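Remarks on the structure that follows.
The values are calculated or read from the model by the stated rules, or taken from the named source; none is laboratory data. The shown structure was predicted, so the numbers you read here are calculated from the model rather than taken from an experiment. Here the Cβ positions follow ideal geometry from the backbone for every residue, glycine too, while neighbour counts run over all protein chains shown. Only protein heavy atoms, including side chains, enter the accessible area calculation; ligands, DNA and RNA are left aside. Shrake-Rupley method; radii C 1.70, N 1.55, O 1.52, S 1.80 Å.
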Amino acid sequence: MCGIFGCHSQQSQNLVEQTLQGLKILEYRGYDSAGIAYTIDNQLKVIKSIGDIDQLKQKVINPPTTTTCIGHTRWATNGTVSVKNSHPHLSTDSSIAVVHNGIIENYQQCVEFLTKHNIKLKTPVDTELIPNMLYLLSHNKHNIHQYLQGQYVFCATDKQSNSLFLAKKGNLPLYIGRSLQTIYISSDTLALPQTVTHIIAMEDMETCEVFDHQLQFYSNGQPITKSWQSFNQSFIASDKNGFATYMEKEINEIPAIMERIINTYRKDSTIIRLINQTRTQFKQTKCIHLCACGTSYHAALILAKIIERDLHMRAIAHISSELTTTTLLNEPAIAIVISQSGETADTLSAMDILQQHKIPIIAFCNVTTSTIAKRSQTIFPLLCGPEIAVASTKVFCAALLVGCLLIKDYNTISCGNFIENTTKTLQFARKILSAPHKIPHRIFIIGKDINHVLALEAALKIKEVTYLHCEGYPANELKHGPLSMVDDNTLSIVFGDDATNASAEIQARGGKVIIIPTPNYQSDPLAFIHQIIPAQIFALDLALTLGNNPDKPRNLAKSVTVL
Ligand code: F6R
């Protein structure tokens, strides 16, 4: 949520353009406004805009070369979306500029502190506190964490020193990358250019000064040394592989990802050892708690059903933000957290609770360098490559497959057949479902058991990218209330062939029904995994028909790092 990018070099370079390129890649983390600040003739030049990075680019005319530039793409938390509220924010004397992710919790206390020093803030945005605190702390700025409470990372530059100053408190990610001539700062390694050969991750309570291609780190205000890790950027940002949107590209990657997972989880000795170790842990425990948010929570709900069905033990799926100490009984338990980004704040908070209860944590994570991965005892990678579209598609299927392969061997599944069935589903998806000519006023998606969870996930996908009212419901529950809403402007999508009564009840009230049949693929007990694909394609089609950008739905951002 929000993206930070910055660069620094000894020689003047096209760092403004490079910062804009970095921000463009980070845009999926927030895209309501953006801004940059760079040094020129010992002055800070700040350019900001509402909207996405392309709108910001239009304001940056003939960018000069420079030795420092910082930038930010925003997903507003406090303070409306406006040029004034967007980052970078400046100190009272306009000498220091700051871009920031996270929240400063002792906002009021800091405002009082600044007021005593005759500093008045110009915006309601907590970020504006930071350049002013740095201004007051002057040479003492490595102690900034003593003054600010909350979880944050920030990057500052000032008009004279040609340096960058970084700080991190809590869980939010911030990386430093090194190429031959330039130091890059980014809140996501995806945005680091391919010239970067080494990286360092900032850790909790650290600060860092970047000057003349050198880094000086401090932890709790004391100097420390850290080592570079080698890094190889395999991601090419603009690569939609010929598809019009990332969402379409990512849905089409599902068969190849399924193949990669089956091969890796059956052949890689490290993963096989982890699977065996985890299965032994399962045998020694009473309950498995699964914690996740959004689409990952829907994967958790299905896996809880599979654990109960196949292992005959208790499994409870929790929405991460709803987990409380009282929901955890005092009994031997294991937790599985599921997260695409590995940075979701609600899931990290749930992990705090699990850790207080000394419950070992297994992570299913797509970003294996993420905070959730780092804080877990065991990591099962989801092997999807970067997921850029805000609506998660391929990672949902991956989490289900990884979970199933962990729970049971499923030796009956042949990799070839499973991939063929996934591909078949992808090909048939358009025939089963295509965007309706008449846009419905509301959409119900229904199903029973696992199909009910697929209905919840399909409804989430449709809501995210179409902004239409859409609800997932257990098939038989419709008649206990929501049937009152069904009329000839209602579209219903039914997962599976076992909801015939509910379908008939909808049709009898003038509602249109489309059935996504349960696939009868031979010897494929995991066919439900790819059954979501038609609904993902339907959501995409409908979004495009409505003129929405499915990759960047309004009000949303990928990687939800706020509580
Ligand atoms: C839905 C979606 C969100 C995420 C949720 C959890 O398409 O993308 O609901 O699934 O924010 O994110 P992760 O999996 O990164 O923890």
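Values for this structure:
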| item | result |
| --- | --- |
| Where N is the number of residues in the stretch 3-230, Cα Rg divided by 2.2 N^0.38 Å | 0.92 |
| Å² of accessible area per residue within the chain, as computed with a 1.4 Å probe and no ligands counted | 40 Å² |
| Distance cut-off 28 Å, percentage of C-alpha pairs in the stretch 327-478 lying past it | 34 percent |
| Peptides 348-358, 20-30 ordered by average Cβ neighbours within 10 Å, highest first | 20-30, 348-358 |
| Built amide H within the under 5 Å cut-off of Cys293, gap 5+ | Ser320 |
| Most to least packed among 202-211, 64-73, 86-95, 481-490 [average Cβ atoms within 10 Å] | 64-73, 86-95, 202-211, 481-490 |
| Sites Thr368 and Arg509, calculated FRET efficiency, Cβ-Cβ separation with R0 51 Å, nearest 0.05 | 0.55 |
| Contact order normalised by residue count of the chain, Cα under 8 Å, 6+ apart, percent | 12 percent |
| Efficiency of FRET between Asn42 and Lys122 - r from beta-carbon atoms, R0 25 angstrom, step 0.05 | 0.65 |
| Virtual paramagnetic centre 7 Å along Cα→Cβ of His213, amide N under 18 Å, in the stretch 56-92 | 66-69 |
| Distance histogram for the stretch 420-463 (every C-alpha pair counted, 10 angstrom bins, percent rounded to whole numbers) | 23, 46, 30, 2 |
| Restraint check, Lys431/Lys463; Lys84/Lys249; Lys283/Lys374, Cα-Cα greater than 29 Å | Lys84/Lys249 |
| Distance cut-off 22 Å, percentage of C-alpha pairs in the stretch 367-454 lying past it | 48 percent |
| In Hz, Karplus ³J(HN,Hα) per residue of the stretch 330-342 (6.51, -1.76, 1.60; θ = phi - 60°; x = Gly, Pro) | 7, 8, x, 8, 10, 10, 10, 9, 10, 7, 5, 6, x |
| Packing-based order for 285-291, 124-130, 403-409, using average beta carbon neighbours within 10 Å, highest first | 124-130, 285-291, 403-409 |
| Carbon/sulfur fraction of accessible area - the chain, other protein chains in place, 1.4 Å, % | 50 percent |
| The chain, helix-only ellipticity at 222 nm - DSSP H runs n ≥ 4, -39,500 (n - 2.57), divided by all residues, nearest 500 | -10000 deg cm²/dmol |
| Karplus-derived HN-Hα couplings along the stretch 345-353 (A = 6.51, B = -1.76, C = 1.60, θ = phi - 60°), whole Hz, x at Gly and Pro | 4, 4, 6, 5, 5, 4, 5, 4, 5 |
| Reciprocal mean inverse distance between Cα atoms of the stretch 427-551 - Kirkwood radius, Å | 14.4 Å |
| Estimated vicinal HN-Hα couplings, Hz - the stretch 241-254 in sequence order (Karplus 6.51, -1.76, 1.60; Gly, Pro = x) | 6, x, 7, 6, 9, 5, 4, 5, 4, 5, 5, 5, 7, 4 |
| Spatial separation of Cα centroids for the stretch 291-321 and the stretch 453-470, in angstrom | 19 Å |
| Asp204-Ser434 pseudo-label distance in nm [points 7 Å out on the Cα-to-Cβ vector] | 5.4 nm |
| Charge sum, other residues only, whose C-beta stays under 12 Å from Cys7's C-beta, Lys/Arg counted +1 and Asp/Glu -1 | 0 |
| For the stretch 57-158: span of alpha carbons on each principal axis (Å, largest first) | 41, 31, 25 |
| 13 Å beta-carbon shell around Val337, net charge (K/R +1, D/E -1) | -1 |
| Extent along principal axes [Cα atoms of the chain; Å; largest to smallest] | 72, 54, 43 |
| Gain upon complete extension [Asn330, Asp352; 0.36 nm per residue less C-alpha separation] | 6.3 nm |
| FRET efficiency for Lys479 and Thr77, using Cβ-Cβ distance with R0 set to 35 Å, rounded to 0.05 | 0.25 |
| For Glu206, net neighbour charge (Lys/Arg +1, Asp/Glu -1) across residues whose Cβ lies under 14 Å away | +1 |
